[in-house]
1. May I ask you to list the residues in the stretch A:304-339 that are of a type outside the set (S, T, N, Q), over 30 Å from the mean Cα position of the chain (by Cα) and loosely packed, with under 15 Cβ neighbours inside 10 Å?
2. Quick one: in the stretch A:340-382, which of the residues that are within 26 Å of the chain's Cα centre (by Cα) and among the acidic types (D, E) is farthest from A:P20 (Cα to Cα)?
3. Test B:V301 against the stated conditions and say whether it is surrounded by fewer than 19 Cβ atoms within 10 Å (Cβ to Cβ), touching an Asp or Glu at 6+ places or on another chain (Cβ under 6 Å) and not small (G, A, S).
4. Note down all Cβ pairs under 7 Å where the first residue falls in the stretch A:199-227 and is farther than 19 Å from A:P164 by Cα, the second is exposed (fewer than 14 other Cβ atoms within 10 Å of the Cβ) and β-branched (V, I, T), and they're at least six residues apart or on different chains.
5. More than 18 Å from the chain's Cα centre (by Cα) and acidic (D, E), is that true of A:D41?
6. Whether any residue in the stretch A:320-341 is among the charged types (D, E, K, R), more than 10 Å from chain B (Cβ to nearest Cβ) and assigned to a strand (DSSP E or B) is what I want to check.
7. Checking the condition touching a helix residue (DSSP H, G or I) at 6+ places or on another chain (Cβ under 6 Å) and of a type in the set (A, V, I, L, M), which residue from A:I314, A:I308, A:I248, A:I277 passes?
8. Can you say whether B:D41 is crowded, with 23+ Cβ neighbours inside 10 Å and away from chain A (no Cβ under 14 Å), as far as the supplied structure shows?
2 protein chains.
Amino acid sequence: MSANTSPDLKLPPAARPGQPLSAIDTPSLVLDLDVFERNLDHMQQAAQQAGIQLRPHAKAHKCPGIALAQVARGAVGICCQKVSEALPFVQAGIRDIHISNEIAGPAKAALLAELARHARLSVCVDDARQVEALAKATAEAGSRIGVFVEIDVGQGRCGVADAPAALRLVEQIAAHAQLELRGLQAYHGGIQHVRGWQARREAARLAAARTAAVLKALNAAGVRCETVTGGGSGSVEFDLGSGVYTEIQPGSYIFMDRGYGSNEATGSLRFEHSLFIATTVMSVAAGSRVVVDAGLKSMSVDSGLPWIWQHGAISKTLDYIAANDEHGIIVPVPETATQALPGLDTQVLLVPGHCDPTLNLYDEIVGVRAGKVECVWPVSARGHSR
Amino acid sequence: MSANTSPDLKLPPAARPGQPLSAIDTPSLVLDLDVFERNLDHMQQAAQQAGIQLRPHAKAHKCPGIALAQVARGAVGICCQKVSEALPFVQAGIRDIHISNEIAGPAKAALLAELARHARLSVCVDDARQVEALAKATAEAGSRIGVFVEIDVGQGRCGVADAPAALRLVEQIAAHAQLELRGLQAYHGGIQHVRGWQARREAARLAAARTAAVLKALNAAGVRCETVTGGGSGSVEFDLGSGVYTEIQPGSYIFMDRGYGSNEATGSLRFEHSLFIATTVMSVAAGSRVVVDAGLKSMSVDSGLPWIWQHGAISKTLDYIAANDEHGIIVPVPETATQALPGLDTQVLLVPGHCDPTLNLYDEIVGVRAGKVECVWPVSARGHSR
């Protein structure tokens, strides 16, 4: 044992380009690059065919490598949900970022105004005090930002309730030369996971109708909204043809987690599972179940436990039934025998229940093509929740 | 807008020593240092009075600053749950670390054997192949490690089922000079959150009885177990007097999350809430509810939503009812009026539902005393899940 009190130790990388997938250290987040690129292309083509701008949401991936791939395919820019989240994307050269959220406190307004000196930035408001804070911060930084008035289209979360409230904010924004009204944000998170296709279509139709009503009132008052932004991976197939949105904000379509995979999809806009958690069987002592090394610190279970992925499909023989902090429990599905259980040291792939907060647990995404590691991308905005 | 494609931008710190708590940027993880130190002292004294070694679990905090405070008070060392988790603690000068878990794959065994060149390390086994992997890795690194045979005391997760299986592993360990049998690990995670005090005591009694039976059989076979390690924050008041454990592994007692706060506590070993998520009201547009800036990326909700903390106690007038990715919804409890709702830009403190995976979301803990920031500690093992 060395007497050195601060040894120069480094965590070895989980994966190196050229390695087989089966050799990477676990738990690790794995992206099937072929599938991922098909998902990218599919959404970009759908948006282009509809004549709608695609501004993918970076809150799903927090990874500049992915944002650059989206912009390279024609995305107009990205969305971020927090100001601090935008910073690594500005550093990576993304030049058009919409903060699709209200912000609170002077620190966030100051950072936003500073970022706006390096890129085209916009943000949402639903309160007069937010407009004043933005005006003050941009005046101090000598920068300009775009502002969207967020309207509540049924979720009851953020956004003003009606056209008169929106109009008051529009007028207040117009009083500050450094604030530029871009238009409306109309997003309904609750629609995205309505399971039935018909029910989801109807919910999206209602949200679009509410948006259209506010737009009409604003138009009547002489206010022109250049951009109407909103929509997510669950509603985008309806939003594209709604006649209301000029821009869509889907994020999870690139990965397709269990949550989105559980939506009934009867339309043509379908995406495939590209994101997996690679985990390893660490104990088989219990006999009737095995324990893997990925638990609550390697996945978010807020939207359900992960699926097990075998032979390119959701497993019909194995179930991940419980996540402890650092352990996952896998059992055979009731109809199958325990001999289906993977052995000690075997790698198992999981489809995460909810991609956004799961990405937020990892510093890296391991990109894999045809079973081999091709790249390791930093998740640079991981933990950037301020 | 600058043409610079990689501007030199830095995220400002969330908090600076000397600032009032109310001025820190949110979401941030806040530790009330006075309460935290009382919790530290209380557990240390209880262990010393019982003549039992305290080896606190670092999986709860992942923070070398906290581990050093525990060791300074008399803790014999710490537990980690993963090999990679131990690395920053070895770097920080912690010299005795038990990995309270089995490990899978050659990368982890190699890192463990390397760490063992700098500190006293031990690990659990429940399978002969794990012993062989440890023997190989330590032989290659030229290091020695301690080995605990884990026994299943009722959880059905890791650990061998009975004394004969334990004895076979003991004999296998003895065949390798670089592996040193330290004793048994007997931990039952399921007991920790049994709500009723009597029921929890009975569950702990059963686990201790199973452990005693295995110990008796090993003794009869001439095997001496220097250390029997186990116990968590929920069972430790019973484990200390069980006559079985020589060492306890509690982690969450330093923080007391909502999960542990929901246990019925009738014994003398009580701990106080010291850990909070500071969040800010970012939207009041909905009127009957407010939206705060801490959601699923700022807390783990696997064990329930957070409590709201007001005036040094759990709020009786406000409820945090839903966590979205980056939003939390707060409403008045049904009996109270909406005028109880905090206003825009107001800071709100939350008691997290489950501390361990919540800590794993933050890079820093903001230490506060008497309402002022005193220190900012790095959560150096955040994300170290391999």
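1. A:V333, A:P334, A:E335, A:A337
2. In the first step, residues of the stretch A:340-382 are kept if they are within 26 Å of the chain's Cα centre (by Cα); the result is A:348-382.
Remaining after also requiring among the acidic types (D, E): A:356, A:363-364, A:374.
Numbers: A:D356: 26, A:D363: 20, A:E364: 17, A:E374: 10 Å.
It comes out as A:D356.
3. Values: surrounded by fewer than 19 Cβ atoms within 10 Å (Cβ to Cβ): no; touching an Asp or Glu at 6+ places or on another chain (Cβ under 6 Å): yes; not small (G, A, S): yes.
Criteria not met by B:V301.
4. none
5. Details: more than 18 Å from the chain's Cα centre (by Cα): no; acidic (D, E): yes.
No: the conditions fail for A:D41.
6. So the first thing to find is which residues in the stretch A:320-341 are among the charged types (D, E, K, R), and the list is A:325-326, A:335.
Then drop every residue that is not more than 10 Å from chain B (Cβ to nearest Cβ), which leaves A:335.
Filter once more, keeping what is assigned to a strand (DSSP E or B): none.
Checked against the condition, which is being among the charged types (D, E, K, R), more than 10 Å from chain B (Cβ to nearest Cβ) and assigned to a strand (DSSP E or B), the stretch A:320-341 yields no hits at all.
7. Values: A:I314 fails: touching a helix residue (DSSP H, G or I) at 6+ places or on another chain (Cβ under 6 Å); A:I308 fails: touching a helix residue (DSSP H, G or I) at 6+ places or on another chain (Cβ under 6 Å); A:I277 fails: touching a helix residue (DSSP H, G or I) at 6+ places or on another chain (Cβ under 6 Å).
Among A:I314, A:I308, A:I248, A:I277, only A:I248 is touching a helix residue (DSSP H, G or I) at 6+ places or on another chain (Cβ under 6 Å) and of a type in the set (A, V, I, L, M).
8. Details: crowded, with 23+ Cβ neighbours inside 10 Å: no; away from chain A (no Cβ under 14 Å): yes.
Answer is no for this residue.
The values are calculated or read from the model by the stated rules, or taken from the named source; none is laboratory data. None of the values given here were measured: they were computed from a predicted structure. Virtual Cβ from ideal backbone geometry, glycine too; neighbours counted across all protein chains shown.
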